[in-house]
Amino acid sequence: MNKLRDLVDKIKPHFSKGGKLEKLESTFDAFETFLFVPNTVAKTGSHIRDSIDLKRVMILVVVAAIPAMFFGMWNIGFQHYSALGKEATFWTQMGYGAFKFIPLLVVSYVVGLGIEFAFAQSRGHEVNEGYLVSGFLIPLIVPPDLPLWMLAVSVAFAVIFGKEVFGGTGMNVFNPALLSRAFLFFAYPSYMSGDKVWIAADGVTQATPLGTALTYTGDNLSADIPSFYDMFIGIMPGSVGETSALMILIGAVILLFTRMASWRIMLSILIGGYVMGWIFNMVGSNPYMDLPPHYHFVMGGFAFGMVFMATDPVSAAQTNRGKWIYGFLIGFFAVLLRVVNPAYPEGMMLAILLMNAFSSLIDYYVIEANVKKRLKRLKLRKA
């Protein structure tokens, strides 16, 4: 590392003000701070609460999503060879999954980071690390056979119109990764839904449990979709990283242990989803409504959205009470949209984006309510 540090220090003057490549100063700074902890220090009194900076936060979130990524790669290969009726070893399945997934990841990072670098250069700002997470999550929430150019267009849309127009990292209203998926869903619906997009094999069609539930006409839906155990493990078609609730749960433990995500949001989403599922059970006018509420937790992107999307610290509610309200409504609306509106089978995406729009309003009224309570207590004391 010392040799690398010496090399960076040697070429740094070329990128500093007055150097030949001073226009690329922010780009060089991004790579330097990625490799090493910034050596800038405060010149006046500072209040340091811990040693975690933005880059370390982003890296921890990526680490938490790695189990879902590896399982997703294996599942791509497993579903592929199973659909073709061929036997394959674990490593063969992993290899095929990596062959499908890695290009998605590369395109996501190249396009997204390229745009962020361009905006940073044009504004003369430092390159923020916010896209480290978004760039990793976007390939995990799309079908494995999605055309790369579509992914590139959706990433560009999400970064430009979801982040940069608001001022960049920390200023966005909506979760950029979900905004990318929403763009794909509405712009290219045939590549994001249906029975043909979930198995990476030509001519093979297979519905996800959500797709089966929407078109089911029998009497016992839970018997005609994968078992709860199989869906919890993730052995089913679906987006790359969304199928395994078990791997997502491991990621949730990492995020909660490192305090990178709010347990209030996660728990309230589960409560909201269960309440809505229970209400549908009471109504019971079709097989989908009769589905046990806990099945919704392992179907589609519910678990992934709960752990990695809804807990985004920028677009989520900030107050403790607001987090409970925000999370409950996400779970409630996710199940509601799934069951009632067949045009949008993945209700979690729309529910989170909807509550992203209202998260600041929720916080506003929570704070206003607290202010009124304090003023009331103050008046009582004076009296």
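The values are calculated or read from the model by the stated rules, or taken from the named source; none is laboratory data. All values reported here derive from a predicted model rather than from experimental measurement. No Cβ is skipped: glycine too gets one built from the backbone with ideal geometry, and neighbour counts run over all protein chains shown.
Name, by its number, the condition in (1) buried (at least 19 other Cβ atoms within 10 Å of the Cβ); (2) in contact with a Leu (Cβ under 9 Å, 6 or more places away or on another chain) that does not hold for Gly322.
(2)
Listed here are the residues, each with its yes/no results for (1) modelled with pLDDT of 90 or more; (2) crowded, with 17+ Cβ neighbours inside 10 Å; (3) touching a strand residue (DSSP E or B) at 6+ places or on another chain (Cβ under 9 Å); (4) not polar (S, T, N, Q).
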| site | (1), (2), (3), (4) |
| --- | --- |
| Leu255 | yes, yes, no, yes |
| Ser262 | yes, yes, no, no |
| Ile265 | yes, yes, no, yes |
| Ile269 | yes, yes, no, yes |
| Met276 | yes, yes, no, yes |
| Ile279 | yes, no, no, yes |
| Val283 | no, no, no, yes |
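Criterion first (within 19 Å of Gly322 (Cα to Cα) and buried (at least 24 other Cβ atoms within 10 Å of the Cβ)) does Gly301 satisfy it? Reasoning before the result, please.
Values: within 19 Å of Gly322 (Cα to Cα): no; buried (at least 24 other Cβ atoms within 10 Å of the Cβ): yes.
Taking the combined requirement at face value, the residue does not satisfy it.
Out of Val314, Val240, which single residue is in the same structural domain as Arg181 (by TED's automatic domain parsing), surrounded by fewer than 20 Cβ atoms within 10 Å (Cβ to Cβ) and assigned to a loop (DSSP other than H, G, I, E, B)?
On the way: Val240 fails: surrounded by fewer than 20 Cβ atoms within 10 Å (Cβ to Cβ).
Among Val314, Val240, only Val314 is in the same structural domain as Arg181 (by TED's automatic domain parsing), surrounded by fewer than 20 Cβ atoms within 10 Å (Cβ to Cβ) and assigned to a loop (DSSP other than H, G, I, E, B).
Residue-wise test of (1) within 21 Å of Leu255 (Cβ to Cβ); (2) among the polar types (S, T, N, Q); (3) in a helix (DSSP H, G or I); (4) at pLDDT 80 or above.
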{"site": "Ile11", "(1), (2), (3), (4)": "no, no, yes, no"}
{"site": "Glu32", "(1), (2), (3), (4)": "no, no, yes, no"}
{"site": "Ser51", "(1), (2), (3), (4)": "yes, yes, no, no"}
{"site": "Ile76", "(1), (2), (3), (4)": "no, no, yes, yes"}
{"site": "Gln79", "(1), (2), (3), (4)": "no, yes, yes, yes"}
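Specify which of the listed residues (Ala357, Ala351, Ala343, Ala334) is touching a Phe, Trp or Tyr at 6+ places or on another chain (Cβ under 8 Å) and over 13 Å from Phe302 (Cα atoms).
Numbers: Ala351 fails: over 13 Å from Phe302 (Cα atoms); Ala343 fails: touching a Phe, Trp or Tyr at 6+ places or on another chain (Cβ under 8 Å); Ala334 fails: over 13 Å from Phe302 (Cα atoms).
Every option except Ala357 fails the conditions.
For the range 80-103, how many residues are under 21 Å from Ser154 (Cα atoms) and crowded, with 22+ Cβ neighbours inside 10 Å?
1
Does Phe308 satisfy being under 18 Å from Val62 (Cα atoms) and aromatic (Phe, Trp, Tyr)? Outline the logic, then answer.
Details: under 18 Å from Val62 (Cα atoms): yes; aromatic (Phe, Trp, Tyr): yes.
Yes.
Scan the range 350-370 residue by residue and report those that are among the aliphatic types (A, V, I, L, M) and surrounded by 24 or more Cβ atoms within 10 Å (Cβ to Cβ).
Taking the range 350-370 and keeping what is among the aliphatic types (A, V, I, L, M), we get 350-355, 357, 361-362, 366-367, 369.
Across the range 350-370, the qualifying residues are Ala351, Ile352, Met355.
Taking the criterion of being over 23 Å from Trp74 (Cα atoms) and free of Cβ contacts under 8 Å to residues at least 24 places away in the same chain, would at least one residue in the range 226-247 satisfy it?
Residues of the range 226-247 over 23 Å from Trp74 (Cα atoms): none.
No - not one qualifying residue is present in the range 226-247.
Being more than 11 Å from Gly241 (Cβ to Cβ), over 14 Å from the mean Cα position of the chain (by Cα) and surrounded by 23 or more Cβ atoms within 10 Å (Cβ to Cβ) is the filter here; which residues of the range 56-79 pass it?
Across the range 56-79, the qualifying residues are Gly77, Gln79.
Being within 19 Å of Ile225 (Cα to Cα) and not in a helix (DSSP H, G or I) is the filter here; which residues of the range 247-284 pass it? Even if it seems obvious, please write down each step before you answer.
Going through the range 247-284, the residues within 19 Å of Ile225 (Cα to Cα) turn out to be 277, 280-281, 284.
Of everything in the range 247-284, just one residue is within 19 Å of Ile225 (Cα to Cα) and not in a helix (DSSP H, G or I), namely Gly284.
If we keep just the residues of the range 192-237 that are outside any loop (DSSP other than H, G, I, E, B), over 22 Å from the mean Cα position of the chain (by Cα) and among the hydrophobic types (A, V, I, L, M, F, W, C), which is modelled with the highest pLDDT?
Across the range 192-237, the extreme among qualifying residues is Phe228.
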